[in-house]
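For reference, the structure is listed below as C-alpha cells.
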Amino acid sequence: MADTLVQFFIDHLGGSVSNNALVFIISLMPILELRGGIIAGYALGMKLLPAFVISYIGNILPIPFILILIEEITKLLKKTPLQASVERMEKRALSKSDQIQKYGYLGLLLFVGVPLPGTGAWTGAFIASLLKLDNRKAFPIIMLGVLVAGIIVSTLSFGLLHAIGIG
C-alpha cells in the first residue's frame, strides 16, 4: 500500500515540485512517513544521504505537535459527529500498544524503529499520548526510532535493491 501511495504522489506531484520537496511532503504524511520518503527518494534517483535527511526531518517535524496537541484534539473531536471515528482510531492505536505498555520507552523505540505496517512515529506518538508517557522522554525516543527505521529502510532501498539490480 505504501508503495502505491508513494507512486501516486510521484505521478501527481513529480513535475510540480522538486524531488527534495516531494520527498519532504511524503515524509510528513501519516502511513508513509520516513519509509515512504526514502522509497520515493530511491525511486526518484536521489542520493542516499539527502533522501535520508529530508525524510527524517519531514517525519520528525509533526511529532512534537502530535505529542502536545493530540489529546486536546481528540477530546474536541469526540464532541462532534466524528466521535465514533475518533474512538475507533484510539481503539486501533491502543490495540498496537502491548509492547509499549510492557516495555515502556524501549517498547516505544522498537515500535517506531521496526518498519512494519501500522507502526511509525505518528502512531507511536499517538500511543505515547494515550498512555500518558512523558513527552520530554517520548520525543527523543521517537526520534531515535525514526533513525533506526530509516537505517533499515535505507539499507533495503539503497543497498539491497541496488545490489540485486532493481532500480
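Structural remarks
- The value of relative contact order for the stretch 63-148, using C-alpha pairs under 8 Å at least six residues apart, is 35 percent.
- Helix-only CD estimate at 222 nm, as mean residue ellipticity for the chain, using -39500 (n - 2.57) per DSSP H run (n ≥ 4): -22000 deg cm²/dmol
- Against the chain, whose longest principal axis comes from its Cα atoms, helix 135-154 is set at around 30 degrees.
- Straightening the chain between F8 and A21 buys 3.2 nm, computed as 0.36 nm per residue apart minus the Cα-Cα spacing.
- Shown is the FRET efficiency for K96 and I57, computed with R0 = 22 Å from the Cβ-Cβ distance and rounded to the nearest 0.05: 0.30.
- Where trypsin sites (Lys or Arg not before Pro) in DSSP loops with at most 14 other Cβ within 10 Å are excluded, longest remaining stretch of the chain: 80-131
- Taking the stretch 1-105 and dividing mean pair separation by its residue count, relative contact order in percent (alpha carbons under 8 Å, at least six apart): 20 percent
- Gain on full stretching of the segment that runs from T80 to L131 - 0.36 nm per residue minus C-alpha separation: 16.0 nm
Only the coordinates and a few stated rules stand behind these numbers; no lab work does. What you are looking at is a predicted structure, and each value in this text was computed from that prediction instead of being measured. Heads up, the Cβs are rebuilt from the backbone with ideal geometry, glycines too, and the neighbour counts pull from every protein chain shown.
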